[in-house]
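Okay, structure first, notes after.
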Amino acid sequence: MRGANTDAMRPSVDGVYAVYREALDGDPRDERDEVTAPRAISPAKRRSARKGLVRRIWIPLVMILVVAVGTVTVVRLHGIFGSHQHVSDAGNLDAIVAFNPKRVVYEIFGPAGATATINYLDADAQPQEVDNAALPWSFRIETTMSSVVANVIAQGDGATLGCRIIVNDVVRDQLLVEAHNAATTCLVKSA
């Protein structure tokens, strides 16, 4: 505001001190020395207060109800199906009899005098390696497990190399490769 009288807009020092003194001393109209009697609450305000309370606690109440109903249901189902009536009987242990044993034979064959490096899976499906095995080579696994993965891989130093997997006297996989330093593989996924 150029050209305006800025001194007229400033409050006087006495006016500022007067406002400051009023703030420190307080307004005599705000003093409440007498004790006021509690006022009666109207029924409409009581209903409003109840509604506010219900609005605040209805979700926790529903959660508690759901947990209680779920607990009762699970306990009843346990009682119906007898899941906590386990009685161990140490005297009823029968020896596990080997039934339907599986006999797996790995065979690697090639020209007489040749050698091969052979990798195969044992009965526990763990890889095993045989270096510079003389051909023909074979390995037998006998197990009572319900299923066995049979896998054999070989690389030889001859011109031909073959592999064969026999399960319970039945040839399940066989491959013959003719190449320089031939490599072959046989796999039976479920013996």
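Take the residues in region 118-162 that are part of a strand (DSSP E or B) and charged (D, E, K, R); name whichever of them is nearest to Asn181 (Cα to Cα).
Asp131
Residues that are exposed (fewer than 11 other Cβ atoms within 10 Å of the Cβ) and touching a residue at least 24 places away in the same chain (Cβ under 8 Å): does region 115-123 have at least one?
Within region 115-123, not a single residue is exposed (fewer than 11 other Cβ atoms within 10 Å of the Cβ) and touching a residue at least 24 places away in the same chain (Cβ under 8 Å).
Quick test of your reading of the structure: Ile165 fulfils all but one of (1) among the β-branched types (Val, Ile, Thr); (2) surrounded by 16 or more Cβ atoms within 10 Å (Cβ to Cβ); (3) at pLDDT below 90. Name the failing condition by number.
Going through (1) among the β-branched types (Val, Ile, Thr); (2) surrounded by 16 or more Cβ atoms within 10 Å (Cβ to Cβ); (3) at pLDDT below 90 one by one, Ile165 breaks only (3).
For the list (1) touching a residue at least 60 places away in the same chain (Cβ under 8 Å); (2) farther than 25 Å from Gly113 by Cβ; (3) among the β-branched types (Val, Ile, Thr), I need the number of the one condition that Thr184 fails.
(2)
Out of (1) modelled with pLDDT of 55 or more; (2) surrounded by 10 or more Cβ atoms within 10 Å (Cβ to Cβ), the odd one out for Tyr20 is which?
The number of the failed condition is (1).
Quick grid of which residues meet (1) at pLDDT 90 or above; (2) not polar (S, T, N, Q):
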| residue | (1), (2) |
| --- | --- |
| Ser42 | no, no |
| Thr73 | yes, no |
| Arg76 | no, yes |
| Ile80 | no, yes |
| Ser83 | no, no |
| Ala95 | no, yes |
| Glu107 | yes, yes |
| Thr117 | yes, no |
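Condition test on Ala133, is it over 40 Å from the mean Cα position of the chain (by Cα), in contact (Cβ under 8 Å) with a residue 60 or more places away in the chain and surrounded by 16 or more Cβ atoms within 10 Å (Cβ to Cβ)?
no
Tally up the residues in region 168-187 that are in a strand (DSSP E or B), of a type outside the set (Ser, Thr, Tyr) and either at pLDDT below 90 or surrounded by fewer than 17 Cβ atoms within 10 Å (Cβ to Cβ) (or both), please.
Looking only at that region, the number is 8.
The values are calculated or read from the model by the stated rules, or taken from the named source; none is laboratory data. Keep in mind it's a predicted model, so treat the numbers as computed, not measured. Reconstructed Cβ throughout: ideal geometry from the backbone, glycine too, with neighbour counts over all protein chains shown.
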